[in-house]
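The values are calculated or read from the model by the stated rules, or taken from the named source; none is laboratory data. Here the structure is a predicted model, which is why all the values come from computation and not from measurement. Positions of Cβ are generated from backbone atoms using ideal geometry, with glycine treated the same way; all protein chains shown enter the neighbour counts. Side chains included, ligands, DNA and RNA excluded: accessible areas come from the protein's heavy atoms. Shrake-Rupley method; radii C 1.70, N 1.55, O 1.52, S 1.80 Å.
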Amino acid sequence: GRDVTGVQTCALPISRAANLSVAADGALHMKVVKQGDGWSGSEMFTTDDLGFGTYQWQVEGSQIYEMDPMIVIGLFSYGPIHKIGSDAEEEIDIEFSAWNHNQQKPINADFTVYPPSGHRRPNGVSAWEHNFYIAERPSQTTARFVWSAAQIDFYLMSGFVSAQAPPEHVLQHDTLTNDGTNIPHVALPIGMNLWSFKAPPEHEWDIVFRRFDFLPAPQK
């Protein structure tokens, strides 16, 4: 596996270097901050493209389930940053957000998949999306997706779970099965971001990540 300090930052318009920092205890802090009249978020990507396997983040704090309605935490693969596919293609997401509360029922997290290159949906919509609400407020959360040629399994788990361990204390789980047009099948860079959706938030945010692990799928 890799800890979060092994992930290289990527300079993008929404990012400022000061918004990403590693504390003395090894925790990664991602921030949304106000500077003068403007706001900035934070974003980073792996320099490597990673294939089938287990992807896992350990996130500290219950505030991820009570985000400002304009704030989004994204844990995701995203090919276009390395010129693999175009926007709304080659992407697998775990996100924490209320998405401005513009939903028929409350949500605070989602699993989303965008299709492989050549199978982009009209208007750039996702190939599959599962929005949901987590009522429990654990102080530690493990977010995991297991990506294979056949399917993607998503998990949110209460507490810090080892990436080598089976899922436990599961808060939410879902599976997307490959139909040939809905699941990416090439290696992709992995990203993390903290950003504002449509409008600035009411206050600044600091999200703490304890660990990121990637376990490649066993070679057949």
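Results, tabulated for the structure shown:
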item: Nearby aspartates and glutamates by direct alpha-carbon distance to Lys198 (threshold 13 angstrom, same-chain neighbours under 8 apart not counted); result: Asp68
item: Listed residues Ile84, Ile73, Ile64, most fluctuating in the chain (Gaussian network, C-alpha, under 10 Å); result: Ile84
item: Stretchable slack from Asp48 to Ser21, in nm (0.36 nm times residue separation minus alpha-carbon distance); result: 7.7 nm
item: Whether region 145-205 is rounded, prolate or oblate, judged on the alpha carbon gyration tensor where a/c under 1.5 counts as rounded; result: oblate
item: Per residue accessible area in Å² of region 39-169, where ligands, DNA and RNA are left out and the probe is 1.4 Å; result: 39
item: Where GluC sites (Glu not before Pro) fall in DSSP loop in region 117-220, at most 15 other Cβ within 10 Å; result: Glu136, Glu168, Glu202, Glu204
item: Anisotropy class of region 21-74 from Cα gyration tensor, a/c 1.5 cut; result: prolate
item: C-alpha center-to-center spacing [region 97-117, region 175-220] in angstrom; result: 13
